[in-house]
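Report on one structure; see the data block that follows.
Please treat every number below as a calculation from the coordinates, not as lab data. Remember, it's a predicted structure, so these values are computed and weren't measured experimentally. When we count neighbours, we look across all protein chains shown, and the Cβ atoms used for this are built from the backbone with ideal geometry, even at glycine.
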Amino acid sequence: MKSPRRLLAGVVAGVVVIAGAGWAVGARLRSPADEAARRAAPPASLVTAAVERRKLVSTVALSGTLEYGSPLPITLAGAVGGALGGAAEQQRATRAPRKGRIAEGAVLMEVNGRPVFALRGTVPMHRTITPGSEGDDVRQLQRALRRLGHAAPSTGVFDPATIAPVTRMYAKKGYEAQQPTLADRQTYDTLRKAVRTAEENLATAKQALDQGRDVLPLKVRRDNAAKDLKAARAALAEAESRELTPADEAKLAAADAAVRAAEERLLEAEQALRDALTRPDPPATQPTTQPTTQPTIGPTGTPTAVPTATAAPRPTATVDTSLLELKADHARADLAAAHEARDLALREAAEARKTRLAELRKAVRTAREAAVGAEQALRQARQLSPARLKVANARKDVAAAKDLLAEYARTYGVSIPPGEVVFLPKMPARVRKVSVKPGQRIEAEVATVTSSTFTVSGSVEAAESELLRPGMKAGIELDTGRTYPARLTAVGEKAKVPGAEEVPAGSTPVLLTPSSGKGLRADQAVTVRVTVGATEKPVLVVPVAAVITSADGRARVRVEYAQDRIRDVEVRTGLTADGNVEVSGALKEGDRVVVSDA
């Protein structure tokens with residue numbers, strides 16, 4: 001049997017349970033009035049926001065990825081090297097491009113063991129640059145050589161002065177500049193042999209023509225006429241160089257001797273006469289003749305003194321001087337005759353020289369006419385000769401062979417094949433993507449290079465793009481929270497990046513450039529905020545929802561000045577950014593403006 005104590009405890013527990021259950025049920029039961037009151041809306045109240053004073057910055061935000069800018073796919077302009085003839089299917093990469101930075105003058109890759117140089121320039125490589133080539137691409141190459149420290153001209157002509165630094169550029173990287181191939185050398189040798197053969201054929205044809213019976217007598221006649229002309233010209237030159245012939249010189253010398261002898265005789269006669277007249281104690285004086293000197297022309301053309309008689313008083317002699325006087329007169333006559341004979345000899349020599357020169361000149365003209373006639377006769381005979389055609393054709397063959405050799409020689413020597421240089425707009429650059437592996441054929445794109453500066457490409461809605469202008473400041477925000485300064489580079493078509501995905505419809509592409517690449521790495525997802533407007537100093541700012549525009553176009557805000565009590569304040573609005581707007585008017589920092597009535 002159960003004890004009374006246990007029975008009492010059970011009864012008490014049952015009463016407690018029943019009481020608790022009754023209380024729970026009673027708490028959950030409400031009257032209809034209580035339920036309606038509980039569900040009724042609370043009393044209406046105002047939603048307000050404080051007026052703030054701060055700088056306001058308006059931005060346009062977009063998402064993008066940090067990448068190196070100006071991507072450019074690279075293809076080779078043609079063959080690399082020349083030993084294989086440049087066939088595309090024979091061009092294989094022996095060293096592929098390597099990702100990373102590449103400086104000007106570096107070897108981008110190797111094809112068939114030959115280098116592909118990267119140089120700066122805007123004119124694409126499009127041909128084999130050979131000796132004598134000229135143009136903008138050659139001038140661009142010369143500028144690149146000078147930047148690399150090689151002395152090169154700026155003529156725009158691929159001449160020896162340019163070939164030398166090109167050879168040094170190759171040697172510095174451990175390669176040899178492209179020399180003429182075996183086929184080129186064989187062609188050059190063949191053309192030289194063709195010239196020699198043509199010249200030998202011409203000589204043979206000329207010999208056959210000259211040895212022909214129909215022209216041999218005329219050839220001898222031409223040679224003799226040429227000799228006669230030479231002799232006539234020599235005789236004329238000799239005559240023109242001498243004033244007198246040996247015979248004339250002998251005659252003139254004899255005449256000079258006769259003049260001198262006559263002068264001596266005259267002097268002797270006059271001296272004897274003077275001696276006779278100057279004897280002592282003459283009883284009287286009579287006029288006599290006093291000898292004087294008179295200039296005359298000597299045998300060498302030099303004036304000489306010749307004695308002449310002048311009247312002078314003389315003493316009257318008792319001796320007879322008539323014989324002496326007669327001798328003196330005869331001596332004077334002989335001297336005059338000697339002078340006349342000498343003058344006649346001079347005139348005869350001059351006339352003889354004039355006649356002789358005229359005859360010699362006539363002989364030269366006659367000899368020249370004979371030589372020209374003989375040459376013309378020989379030429380006409382050769383033209384009519386059966387061997388004439390062979391000589392003419394042989395001359396044409398020689399000229400053609402020389403022209404071909406000269407044309408080929410202008411481009412013969414060190415050259416730059418079109419595939420051995422890649423001109424890039426900016427250097428240094430970065431190899432971003434490699435499109436060929438060692439051993440693969442060079443068919444199209446070999447790599448993609450970029451500039452060494454970062455860019456961020458993205459897009460904004462068309463309406464927002466109207467606010468953007470190149471040069472605007474921006475901030476690049478990383479996942480780490482750090483912000484880096486940047487600038488808006490391009491908007492619209494100019495901002496499109498080759499190979500990038502198309503922007504969504506209704507959007508406009510934009511391109512930004514960081515101010516510095518320090519701390520940034522490629523392929524980072526970033527958020528960019530472009531500053532389109534900002535206040536110069538802190539201004540009063542309220543939420544945009546707090547501004548009400550009246551029917552008259554005036555803006556106002558409602559200011560709560562007491563619990564649920566408001567007043568209207570007219571304001572002027574300014575810059576809007578991030579849901580806030582700049583306002584000015586009868587407001588102060590800390591005022592509460594109504595944002596919503598509920």
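Which of the listed residues, T411, G492, A400, is farthest toward the dipole's positive end in segment 387-507, when Lys, Arg count +1 and Asp, Glu count -1 at the beta-carbon?
Going by the charge dipole, the pick is A400.
Given 0.36 nm per residue, what is the gain on full extension from A151 to I548 after removing their alpha carbon distance, in nm?
Here the segment from A151 to I548 would lengthen by 135.4 nm.
Tell me which lysines have Cα within less than 23 Å of K173's Cα, excluding those fewer than 8 residues away on the same chain?
K173 reaches K99, K426, K437.
How far is the Cα center of segment 468-544 from the Cα center of segment 85-137, in Å?
37
Report the one residue of V571, P538, A525 whose Cα lies farthest in the direction of the positive end of the charge dipole of segment 435-576 (charges on C-beta: Lys and Arg +1, Asp and Glu -1; origin at the Cα centre).
Of the listed residues, the answer is P538.
Starting from the amide H of V581, placed 1.01 Å from N in the peptide plane, find each other amide H under 5 Å away whose residue is 5 or more places distant or on another chain.
For V581, the qualifying residues are V542, V544.
Once you have a ≥ b ≥ c as the square roots of the Cα gyration tensor eigenvalues for segment 320-364, tell me rounded if a/c is under 1.5, and otherwise prolate or oblate according to whether a/b is larger than b/c. Numbers along the way, then the final one.
On the way: a/c = 11.97, a/b = 10.42, b/c = 1.15.
Cα axes put segment 320-364 in the prolate bin.
Rounded to the nearest 0.05, what FRET efficiency do D320 and R260 have when you use their Cβ-Cβ distance and R0 = 35 Å?
Numbers: r = 31 Å, r/R0 = 0.88.
About 0.70, to the nearest 0.05.
By how many nm would the segment from L182 to Q376 grow when fully extended, if each residue of separation counts as 0.36 nm and the alpha-carbon distance is taken off?
Difference between extended and current length: 64.8 nm.
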